[in-house]
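Student: Shown below is the structure under consideration.
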Amino acid sequence: MFHSPFGITLMLSFVTASILTLLGAPIAYGIAFSNRLGSVAGEILVSLTLVFPPAVLGYFLMVCFSPDSVFGHLFERVFGHPLAFSFEGLVVASIIYSLPFAVQPLTQSFRSVPSSHLEMARILGAGRLTTFFRVLLPISLPGLLTGWVLSFAHTVGEFGVVLMVGGNIPGETRTLSIEAYEDLLSLDFANARKAVFALLLLSLVSLLGIQLLNRWRRSG
Amino acid sequence: MDAGKSGSGKGNGSRGFGILEPGQVLWMFLAGLLFCQMVLPSLSCAKDKPPLRIAAAADLEAILPKIAEAFTRKTGIPVSVSYGSSGVFFLQVRHHAPFDLFMSADAFYPARLVRLGDGVPGTDRIYARGGLVLWFSRKPELAPGVSPVKALSDPSFGKIALANPRVAPYGRASLHCLKVSGLVGTLRARWVLGDNVSQVAQYLETGAAGAGFLPVGLGEKLRTEKGWTWPVPGSCAPPLLQKMVVLKTSSRQEAAKSFESFVTGPSGQAFFRKAGYGR
Amino acid sequence: MNPLLSVDIVRSFRAGRTIRARFSIPKEMEGRILVVTGESGSGKSTLLRMLAGVVSPDAGSIRWNGEPWFDAMTGTDRPVARRRIGYLPQEDTLFPHMTVKENLLFAMEAGTGILKSVFEGRRRTHAGAVDEALSRFGLFPLSAEIPGNLSGGQRRRVSICRMSLREPSLVLLDEPMNGLDPKAKEEIGGLIRRFLSERRVAGIWVTHDPPEAELLEGARASFERLDPESPMAGHSLVMTEGDDPGFPESGRSFLPKDPGGILLSRMPGESMR
C-alpha cells in the first residue's frame with residue numbers, strides 16, 4: 001500500500017501538509033504582525049515558489065540536496081542516505097513548493113482577528129505564547145485547516161518538482177501525477193485511467209474539505 | 001461581532017472550540033511526530049532485496065519491459081525501470097541519483113558520464129542502433145519515386161511533431177532528415193516540439209499532429225492501431241548509437257553488468273531486432 | 001500623599017493631530033467615576049488605551065500611587081498585565097471561540113504561562129472563583145453558551161464579570177452603553193456603579209453622548225479642540241466640573257496645586273521637555 005503511487009502520494013501530501021501547518025503558523029504570525037517592510041518581504045519570499053517554474057525549482061533543490069552540497073552532505077552524514085531521490089527529499093521539496101498555500105490563508109486569518117481581541121488577552125494577563133495558542137490560533141482555526149487542505153491538494157498535483165527531485169523511482173518517489181503522465185505518454189490508457197481516477201478522487205476529497213470548511217467558517 | 005446587534009440565534013447549545021488547550025496541542029504534535037517516526041522508515045528503508053534500478057530513455061518504453069521480464073526470469077534479479085528524458089537523467093545522475101544503470105537514447109551522455117567520473121569506465125556499451133520512422137495519420141498520395149518525406153509539405157497533415165532537437169537525440173536526427181530534404185524553411189511554422197519521443201507519440205496518437213518522427217520502437221506500437229509509417233533511411237537520418245553505462249554510485253555493479261551482457265547478448269538483441277532496431 | 005493616578009501625557013498622530021491629557025485622580029475617587037466626554041475622534045479611546053498600556057504615549061508620564069506606569073524620561077513602560085486594569089473597550093471583546101465560562105476562566109489563568117499551565121490542573125483551582133462570579137452576575141444559565149448566541153446586554157454583562165475577576169484597581173469604560181436598548185442600559189449602568197462602589201474601585205467612563213454624561217454622577221472632563229476652528233490640530237483634556245473631594249498634596253512637582261481637586265487643565269506644550 002505505502003509503496004504504490006497512490007500510497008506514496010497520499011503519504012507525501014499528508015506529511016507535507018501537516019509539517020507545513022506547524023511550520024506555517026509561526027511564519028504567518030511573523031508576516032501578519034511585523035512592520036510593513038518585514039511583512040512585504042516575508043510575503044514575497046514565501047510566494048517566490050509560485051512564480052518559479054516547478055522543473056527549474058526542482059533542479060535547484062536537487063542540486064541543494066545532492067551530497068555535493070553542504071546541506072545535502074550534512075543530511076547524508078546524519079541520516080545515512082542522500083536527501084535527493086528519497087521520500088524525505090520529496091517531503092522537504094514539497095514543503096518549499098507548497099509553502100505559500102499553507103501560509104497565505106493563515107496570514108489572512110491572523111490579520112482578520114480584531115486587534116481588540118489580542119489587546120484584551122494582554123490586558124487579562126496573557127503573555128505572547130498564551131495569546132498565540134489560546135486566542136489567535138483557535139480563532140484562526142478555519143484558516144489553519146484551509147491551509148492544510150490547500151497544501152495537501154497542491155502536493156497531490158505536484159509534478160515538475162517531484163520528477164526532478166525524486167527521480168521517478170518506482171515504490172519510493174513515483175507519485176500518482178508522475179505515474180499518470182508516464183502512462184499517458186506510453187499510450188497505456190488503461191493504467192492512465194486508473195491513475196487519473198485516483199488523482200480525481202484525492203482532488204475531490206480535498207475540494208469537498210475546503211467547501212465544508214467555508215461553510216463552517218460562515219456559520220461559525 | 002457587534003455588541004449592538006443582539007444575537008438572535010440564542011441557546012442552540014453550540015460549543016466553543018476554546019477547548020483546544022495548549023496541552024492538547026502539544027500532545028497532538030507529539031502524536032504526529034511519533035506517527036511520522038513509525039511510518040517514514042517503512043517507506044524509505046530499502047526492501048530486503050532491492051531491485052536493479054534502471055534509468056531508461058523514453059523510446060525504450062515499448063520494448064524494455066519485455067527484456068527486463070526475460071532477464072528477471074533468467075537470473076532472479078528483479079528490475080525496476082524509470083523512464084524519462086536522457087537529458088534529465090544525465091542531470092540527476094550527476095547529482096547521485098540512486099540508479100544502477102543508465103540507458104541513454106544516444107552515445108553522448110554515457111560517454112560524458114564516464115569522462116566526468118560518474119560512470120564506471122569500460123561499461124559504456126552500445127546496446128542498439130536506433131532508427132527513425134516517419135508516421136502519417138493516413139497514407140500520403142505520392143508520385144512514384146518521390147520520397148515520402150516530401151509529403152510533409154502537404155498542409156492537410158496539419159502539425160508535424162518531432163522531439164526537441166536541443167534536448168532529445170531523436171529530435172536531432174529528425175531535424176537532420178528535414179535539413180537534408182530541404183524542408184526546414186517551409187515546415188518551421190508547422191512543427192511542434194515534444195520534450196521527448198513519448199510526447200511526440202502522444203501528439204500523434206491524439207491527432208494533435210498529423211505526421212511526425214518517431215523511434216522505430218514507438219512507431220511500431222503506434223502503427224498497429226492506425227496510420228502509416230515509413231522507415232527513414234540512413235541517408236536521411238543516420239542511425240543513433242544508443243549507449244548504456246553502469247553508474248559509479250551503484251552498489252550492485254555486478255548485477256548491472258550482467259544486465260548489460262544480457263541486453264547485448266543474443267536473447268536481448270532479438271527483442272531489439274523484432275522492434276525494428278538495428279545493431 | 002500621592003494621588004491615586006496622575007497623568008501628564010502627549011501622543012501625536014501621523015497627520016499632525018495631537019492628544020494631550022494632564023490630570024490626577026485623588027485617593028478619594030475610589031468607588032467613583034470620572035466622566036470623560038468629547039467629540040468623536042478627539043482621543044477618548046486613545047487615552048484609555050494609553051492608560052491600559054496597549055498604546056504608549058510619546059512623552060510624559062503616568063503614575064499610579066506614585067509608582068511609575070509610564071515615564072518617557074526614564075523609559076519605564078510597565079507591561080499591561082502588571083497594571084491591574086479593568087478595561088471595557090467599545091468593541092465586543094469576548095473571545096468568540098470560548099464559552100462564557102471559558103472566557104471567565106481565561107481571565108483567571110491567562111497569566112499562568114502556557115508551559116506551566118500544561119502541567120498544572122489549573123481548571124479546578126479557578127473553577128470555584130468562576131462559579132461564584134457566574135452566580136453573582138446572574139450568568140449561571142449562560143455559562144455554556146458561546147458569545148455569538150448572547151444578546152448585546154448579556155455580552156456586556158459577561159465582559160464586566162470577566163473584568164471583575166482580575167480584581168482591578170482602576171476600571172476603564174469605553175462607551176459601555178453603546179448599542180444597548182434602554183432597559184439594558186439601566187441594567188448595565190447599575191451593574192457598573194454597584195461594582196465600583198462595592199469594590200471601592202475608581203473608574204474612568206468615556207462617552208460621546210451628552211445626555212448619558214448628564215445622568216452620571218462624578219467628576220467631569222472633556223476633550224477640547226486645540227484649534228477651535230478645526231479638529232485636525234488635536235485635542236486637550238480639560239476639566240469641566242470638579243466634584244470637590246479636596247485635593248491632597250501632590251508628590252510630583254510638575255503638577256501645579258489646584259484647589260479644584262481633580263486637576264484637568266490645558267497643558268502648556270513647552271513644559272513637556
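Student: How big is the charge dipole of chain A about its Cα centre, in debye rounded to the nearest 20, if each Lys and Arg gets +1 on its Cβ and each Asp and Glu gets -1 on its Cβ?
Tutor: On the way: 12 positive and 11 negative charges, 214 e Å.
Charge dipole of chain A: 1020 debye, to the nearest 20.
Student: Hey, another quick one. Calculate the mean, over all residues of peptide A:134-147, of how many other protein chain Cβ atoms lie within 10 angstrom of the residue's Cβ.
Tutor: Average neighbour count from other chains, rounded to a whole number: 3.
Student: Which three numbers, in whole Å and largest first, are the semi-axes of the equivalent ellipsoid of region B:132-231 derived from its Cα gyration tensor as √(5λ)?
Tutor: Ellipsoid semi-axes (Å, largest first): 18, 16, 12.
Student: Send over a whole-number figure in Å² for the accessible area per residue of the protein assembly as shown, probe 1.4 Å.
Tutor: Per residue, the protein assembly as shown has an accessible area of 44 Å².
Student: Assigning unit charges at the beta carbon (Lys, Arg +1; Asp, Glu -1) and nothing else, what dipole magnitude in debye, to the nearest 20, does region B:132-231 show about its Cα centre?
Tutor: Charge dipole, region B:132-231, about its Cα centre: 200 debye, nearest 20.
Student: Still on this structure: Taking H placed 1.01 Å from N in the peptide plane, check which residues at least 5 places from B:Val79 or on another chain put their amide H under 5 Å from its amide H.
Tutor: Those lying under 5 Å, H to H, from B:Val79 are B:Leu52.
Student: Taking 25 °C and 0.890 mPa s as the conditions, I'd like the Stokes-Einstein D for chain A in µm²/s, using the Kirkwood hydrodynamic radius from alpha carbon pairs.
Tutor: Reported coefficient: 131 µm²/s.
Student: Something else now. In peptide C:103-110, what is the residue-averaged number of other protein chain Cβ atoms found within 10 Å of each Cβ?
Tutor: 5
Student: Would you work out the relative contact order for region B:132-231, in percent, from Cα pairs under 8 angstrom that are 6 or more residues apart?
Tutor: 45 percent
Student: With solvent modelled as a 1.4 Å probe, how much accessible area in total do chains C and A shield from it at their shared surface, in Å² to the nearest 100?
Tutor: 2000 Å²
Student: Work out how far the C-alpha atoms of the protein assembly as shown reach from end to end along every principal axis, then list the three figures in whole Å, largest first.
Tutor: 120, 57, 50
Student: Please give the residues from region C:149-183 for which the solvent-accessible area of heavy atoms, probe 1.4 Å, is smaller by at least 20 Å² with all protein chains in place than with the chain isolated.
Tutor: The answer is C:Asn149, C:Ser151, C:Gly152, C:Gln154, C:Arg155, C:Arg156, C:Arg162, C:Arg166, C:Gly179 - residues whose exposure falls by at least 20 Å² when every protein chain is included.
Student: I would also like to ask the following. What are the ³J(HN,Hα) values, in whole Hz, obtained from phi via the Karplus relation 6.51 cos²θ - 1.76 cosθ + 1.60 with θ = phi - 60°, for each residue of region C:127-137 in sequence order, with x given for Gly and Pro?
Tutor: Each residue's phi maps through the Karplus curve to give 4, x, 4, 5, 4, 4, 5, 4, 6, 4, 8 Hz.
Student: Each residue of region C:185-195 in turn: what ³J(HN,Hα) in whole Hz from Karplus with 6.51, -1.76, 1.60 and θ = phi - 60°, glycine and Pro shown as x?
Tutor: 4, 4, 5, 5, x, x, 4, 5, 4, 4, 4
Student: Something else about it: Check C:Leu5: other-chain or 5+ apart residues with amide H under 5 Å from its amide H, H built from backbone geometry?
Tutor: Under 5 Å from the amide H of C:Leu5: C:Ile25, C:Asn65.
Student: With 26 Å as the limit, write out which pairs from A:Lys194/B:Lys66; C:Lys27/C:Lys185; B:Lys66/B:Lys139 have Cα-Cα distances beyond it, or answer none.
Tutor: Values: A:Lys194/B:Lys66 22 Å; C:Lys27/C:Lys185 28 Å; B:Lys66/B:Lys139 30 Å.
Result: C:Lys27/C:Lys185; B:Lys66/B:Lys139 exceed 26 Å.
Student: What is the distance in Å between the Cα centres of region B:118-140 and region C:57-72?
Tutor: Distance between centres, Cα-based: 85 Å.
Student: Read phi for every residue in region B:132-141 and hand back ³J(HN,Hα) as whole Hz from Karplus 6.51 cos²θ - 1.76 cosθ + 1.60, θ = phi - 60°, with x for Gly and Pro.
Tutor: 9, 10, 9, 10, 10, 5, 8, 5, x, 8
Student: With a 1.4 Å probe and all protein chains kept in place, how do C:Trp205, A:Trp216, B:Trp191 rank by accessible area, largest first?
Tutor: Reading off the accessible areas and sorting them downward yields A:Trp216, B:Trp191, C:Trp205.
Student: Mind telling me which of A:Val156, A:Val56, A:Val92 comes out most flexible in a GNM of chain A, alpha-carbon contacts under 10 Å?
Tutor: Of A:Val156, A:Val56, A:Val92, the most mobile in the Gaussian network model is A:Val56.
Student: Please identify, among A:Thr131, A:Thr146, A:Thr107, the residue showing maximal mean-square fluctuation in a Gaussian network model of chain A using a 10 angstrom Cα cutoff.
Tutor: A:Thr131
Student: What residues have an amide H closer than 5 Å to that of B:Val120, excluding those fewer than 5 places away on the same chain, when H is modeled at 1.01 Å from N in the peptide plane?
Tutor: B:Val246, B:Leu247, B:Lys248
Student: With the dipole of the protein assembly as shown worked out from charges on the C-beta (+1 for Lys and Arg, -1 for Asp and Glu) around the Cα centre, which of A:Ile96, C:Ser24, B:Gly122 lies farthest toward the positive end?
Tutor: Comparing the listed Cα positions along the dipole, B:Gly122 ranks first.
Student: Quick one: buried accessible area between C and B, total over both chains, 1.4 angstrom probe, nearest 100 Å²?
Tutor: 1700 Å²
The values are calculated or read from the model by the stated rules, or taken from the named source; none is laboratory data. Everything numeric in this text was worked out from a predicted model, so none of it was measured. Backbone-built Cβ (ideal geometry, glycine too); neighbour counts: all protein chains shown. Heavy atoms of the whole protein, side chains included, go into the accessibility calculation; ligands, DNA and RNA do not. Shrake-Rupley method; radii C 1.70, N 1.55, O 1.52, S 1.80 Å.
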